[in-house]
Structures are given as C-alpha cells and as structure tokens.
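Novice: The following block contains the structure, expressed as structure tokens.
The values are calculated or read from the model by the stated rules, or taken from the named source; none is laboratory data. Treat the numbers as computed from the prediction; the structure is a model and nothing was measured. Here the Cβ is made from the backbone with ideal geometry for all residues, glycine too, and neighbour counts use every protein chain on show.
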C-alpha cells in the first residue's frame, strides 16, 4: 500500500476547499489512502448547516477568477463537498475534525456534516501520516 496523502485544511474558502477535494479524489482514485484534518476556518466550512453552500473565495482570487468559478458551478461542476463525498466512494478517505479547533470553536461532533468521520488530535494525525505527503490548504 502507498503512503497516505494527508491534507490539513485550514481555509474555508471555496477555491481552496475545491483544490483540496480534487487532491483527495485524485489520490483515492489512484488507490492511495487519504487522511484529512480540518482546522479552524476549514472546520467551520464542514458544519452541518454550511457544508457545500458556498463561503466565498480567498483574498488571492481576482474578479476573473471569481467569474470563472461562478461559470464552472453554473455549468454543473460539482461543489467541493460533493467531491469529498465522491472521493470517499472511490477509496479510503477519512475526514477528521481537529480536537483543538473543536474546543476553540465550541463545536460538538453533532454540529458537523456527516461526511466528517470523527475528531482527532494533531499527534494522532501526524502519526498516521507516517512518511507520506502532508499538504496544507
């Protein structure tokens, strides 16, 4: 088995969440295990009442970039939350909320979208990453 691809999602912007979901789907399609840790604003985006509903773009996005993303969505491109769901169907993809972020944001597991598999600490996440790649989005 290949080393896992581990992704730390810190940002809650749609463009960065979309990028992370595409990496997860690509790795899952190649048979690599994927482990995702949601921190702070990335975690906020996975709240049950917000997941996939649009949270805007990063401040790096230009007007042209925003228009391109809007056009892609209008033409039927799947949103980031659905891409994460599909990646879980493709392969071994686990999504965990950061325990510290949960505490700081005063969230309970029931506050999160069912796509989130549980809560995990940093040490557990890094230990499971082993010698695999870690991406920070």
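Novice: Of the residues 46, 10, 23, which single one is over 19 Å from residue 86 (Cβ atoms), in contact with a strand residue (DSSP E or B) (Cβ under 7 Å, 6 or more places away or on another chain) and modelled with pLDDT of 95 or more? Show your work before the answer.
Specialist: On the way: 46 fails: over 19 Å from residue 86 (Cβ atoms); 23 fails: over 19 Å from residue 86 (Cβ atoms).
Exactly one residue qualifies, and that residue is 10.
Novice: Just one of the numbered conditions (1) farther than 30 Å from residue 3 by Cα; (2) exposed (fewer than 14 other Cβ atoms within 10 Å of the Cβ); (3) modelled with pLDDT of 95 or more is not true of residue 105; which one?
Specialist: Unmet condition: (2).
Novice: Please tell me if residue 131 is assigned to a loop (DSSP other than H, G, I, E, B) and in contact (Cβ under 8 Å) with a residue 12 or more places away in the chain. Let's see the steps before the verdict.
Specialist: Values: assigned to a loop (DSSP other than H, G, I, E, B): yes; in contact (Cβ under 8 Å) with a residue 12 or more places away in the chain: yes.
Here the answer is yes, as residue 131 does meet what is asked.
Novice: Quick test of your reading of the structure: residue 75 fulfils all but one of (1) over 13 Å from residue 137 (Cβ atoms); (2) under 13 Å from the mean Cα position of the chain (by Cα); (3) at pLDDT below 95. Name the failing condition by number.
Specialist: So residue 75 meets the others, but not (2).
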